[in-house]
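First the structure, in the form of structure tokens, and then the observations on it.
The values are calculated or read from the model by the stated rules, or taken from the named source; none is laboratory data. Since this is a predicted model, take the numbers as computed values, not measurements. Here the Cβ is made from the backbone with ideal geometry for all residues, glycine too, and neighbour counts use every protein chain on show. The accessibility values were calculated without ligands, DNA or RNA, using every heavy atom of the protein model including side chains. Shrake-Rupley method; radii C 1.70, N 1.55, O 1.52, S 1.80 Å.
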Amino acid sequence: MSPAQLRGRCAFPARPHPFPSAPESSSCLPVRVFEQYQRARAQFAQAVADLAARPQSIDTLQSAGVVCLLRPLLLDVVPSIRQTTALALGRLADYDVDLAEAVVKAGILPQLICALPEENRYYKRTAAFVLRAIAKHSPQLAQAIVQCGALEMLVICLEDFDPGVKEGASWAFGYIARHNPELSQAVVDAGAVPLLVLCIQEPEIALKRIAASTLSDISKHSPELAQTVVDAGAIAHLAQMIPNPDAKLKRQVLSALSQIAKHSVDLAELVVEAEIFPVVLTCLKDSDEYVKKNGATLIREIAKHTPELSQLIVNSGGVAAVIDCIGSCRGTVRLPGIMTLGYVAAHSENLSMAVIVSKGIPPLCVCLIEEHEDHIKAAAAWALGQIGRHTAEHARHVAVANVLPTLLDIYVDTRSSEDLKMKTKKALKNILQKCTYLPALEPLLHEAPPNIMKHIIGQFSKVLPHDSKARRLFVTTGGLKKVQEIKAEPGSLLQEYINTINNCYPEEIVRYYSPGYSEILLERVEKYQPVL
């Protein structure tokens, strides 16, 4: 019998008591006992929920076995106690993976969701928070949620009339789906995707954000999962929200479209067909750094697929907008823009020239100098290599910007990571193999290590036989002398390049600049007998 029923019984007149002087009816005593018990349960659940919000109290709660103490209260007859208990468990599970595992091992999940459809909206929100708090830690914990049948309950929550319940369920789905393709597929199989697409059409901004984020988490794993999101009609609704003034919503919308577009040409074309250009370019000027970054990421994921898609970006003014974005921000926000320029330039000579004409080289050079993170420098080096690798004209544009010495300095710097060294070496090779602008190559003769030197000497060996002015300058600037100092393996490609250069000059000139020749001349002077 519930406390309310007991209280109802006490409302009826009691039978006459043989001792009228008794202070109160004995039939009301049980009511008091149950009321006190109810208050004690409520106070305990609330106190634990409050303590669980304070990191300094977590160890004490854990050592007291609080999870097991809370478990019976999840089945309490009083809805507010069930809700407060769930809140306490959610806060504990949210704190760290050990407590989340303790909640799962205590068998709490089946109790949490057993009557979820009949619960009130406040309990549903809190239950979704508990599931989210557990799922976020690891794929194993997320799998435990799937195995206990929670996804079906969360789908019911997505159909609830209350936006807060939908938001909580969307969030929980996102934390489950983000871990791996298998968990994401489980979310799809539960029927969540069409409901999430309905959620992004709701008027509440917070619900739109979380639903878009979850669609992004589902789409990121594979083309098949992304196609499921596309088949539910998500692209059109996401694209319509790009101009929304809410920065946090735009972040998630751009991220979801990026995760769809990245997988294949077909998916990228579907995103483009939603008429995201030129409106997406306005995101590159947004005051929110993450909107900028996600906007550039979306453009990058489209540009990488085909020359046609890159050309569409160029035609819409996308390359110029990306270059402006790179110049207006710092750090990792620059990274997707840098890679966009590299992808566009890699496709063809014309697209690479479009990047050059839009003045894309100077910002990339600035990134090499200004940025402290090696992976950003590596991306800039890679992009410059893609711009300069096509023809002598492309390489000249890169070389004139004084990129080559900077790349060489980074390559020989002992503080550079292996990946950065590899990217700069590849970029140098790409540019040097096409560069015939000798004034940019000559300074490198005195600093380059042997594995880079062969590419530099190779370019001189191509140009000098056909350019008398260049041959003269090569002597006067000390280039010929430097070549004679290089020790190459007999029969190697480098030795062939050196022989080709030497054959461009009279034998006595080559001997004159050879190491030790001055000593030979002095020795001859000493031995020479003057004719008087």
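Select from region 219-236 the residues that are out of contact with any Ser or Thr (no Cβ under 6 Å at 6 or more places or on another chain) and not in a helix (DSSP H, G or I) and write down the one among them that is most open to solvent (accessible area, probe 1.4 Å).
LYS220
Among the listed residues ALA106, ALA53, ALA133, which satisfies the condition of being open to solvent by less than 40 Å² (accessible area, probe 1.4 Å) and under 33 Å from the mean Cα position of the chain (by Cα)? Full working, then the answer.
Values: ALA106 fails: under 33 Å from the mean Cα position of the chain (by Cα); ALA53 fails: open to solvent by less than 40 Å² (accessible area, probe 1.4 Å).
Exactly one of ALA106, ALA53, ALA133 is open to solvent by less than 40 Å² (accessible area, probe 1.4 Å) and under 33 Å from the mean Cα position of the chain (by Cα), namely ALA133.
Does LYS248 qualify as being more than 13 Å from the chain's Cα centre (by Cα), surrounded by fewer than 21 Cβ atoms within 10 Å (Cβ to Cβ) and at pLDDT 95 or above?
On the way: more than 13 Å from the chain's Cα centre (by Cα): yes; surrounded by fewer than 21 Cβ atoms within 10 Å (Cβ to Cβ): yes; at pLDDT 95 or above: yes.
Answer is yes for this residue.
Identify, by number, the condition in (1) in contact with a Gly (Cβ under 6 Å, 6 or more places away or on another chain); (2) within 16 Å of ALA45 (Cα to Cα) that ALA133 doesn't meet.
(2)
Can you name every residue in region 427-443 that is within 36 Å of the chain's Cα centre (by Cα), part of a helix (DSSP H, G or I) and buried (at least 18 other Cβ atoms within 10 Å of the Cβ)? Give the derivation first.
Kept after step one, since they are within 36 Å of the chain's Cα centre (by Cα), are these residues of region 427-443: 427-435.
Next cut, part of a helix (DSSP H, G or I) only: 427-432.
Result: ALA427, LEU428, ASN430, ILE431, LEU432.
Matching residues to (1) crowded, with 24+ Cβ neighbours inside 10 Å; (2) more than 21 Å from the chain's Cα centre (by Cα):
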position	(1), (2)
LYS293	yes, no
ARG300	yes, no
ASN315	no, yes
GLY327	no, no
ALA346	no, yes
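Given the condition surrounded by fewer than 16 Cβ atoms within 10 Å (Cβ to Cβ) and on the phi > 0 side of the Ramachandran plot, answer yes or no: does some residue in region 269-284 qualify?
yes
Counting just the residues of region 397-418 that are touching a residue at least 12 places away in the same chain (Cβ under 8 Å) and among the polar types (S, T, N, Q), which one comes out least open to solvent (accessible area, probe 1.4 Å)?
Here the residue is SER416.
Show the residue pairs meeting these rules: Cβ distance below 6 Å; 6+ apart or different chains; first residue within region 490-505 and within 11 Å of ILE457 (Cβ to Cβ); second residue assigned to a helix (DSSP H, G or I) and open to solvent by 60 Å² or more (accessible area, probe 1.4 Å).
As it stands, the answer is LEU494/LYS454, since those pairs meet every condition given.
For VAL187, only one of the following conditions fails: (1) in a helix (DSSP H, G or I); (2) surrounded by fewer than 22 Cβ atoms within 10 Å (Cβ to Cβ). What is its number?
The one condition VAL187 does not meet is (2).
For the structure I just gave you, tell me whether VAL33 is open to solvent by 80 Å² or more (accessible area, probe 1.4 Å) and of a type in the set (Val, Ile, Thr). Give the steps one after another, and end with the answer.
On the way: open to solvent by 80 Å² or more (accessible area, probe 1.4 Å): yes; of a type in the set (Val, Ile, Thr): yes.
Judged against the criteria, VAL33 is a match.
Would you point out the residue of region 380-396, among those that are buried (at least 23 other Cβ atoms within 10 Å of the Cβ) and touching a Cys at 6+ places or on another chain (Cβ under 8 Å), that is nearest to PRO439 (Cα to Cα)?
Ranking the qualifying residues of region 380-396, first place goes to ALA395.
If I go through region 362-379 residue by residue, how many of them are open to solvent by less than 10 Å² (accessible area, probe 1.4 Å) and closer than 14 Å to HIS397 by Cβ?
Count: 1.
Are any residues in region 329-344 buried (at least 17 other Cβ atoms within 10 Å of the Cβ) and among the polar types (S, T, N, Q), and if so, which ones?
THR340
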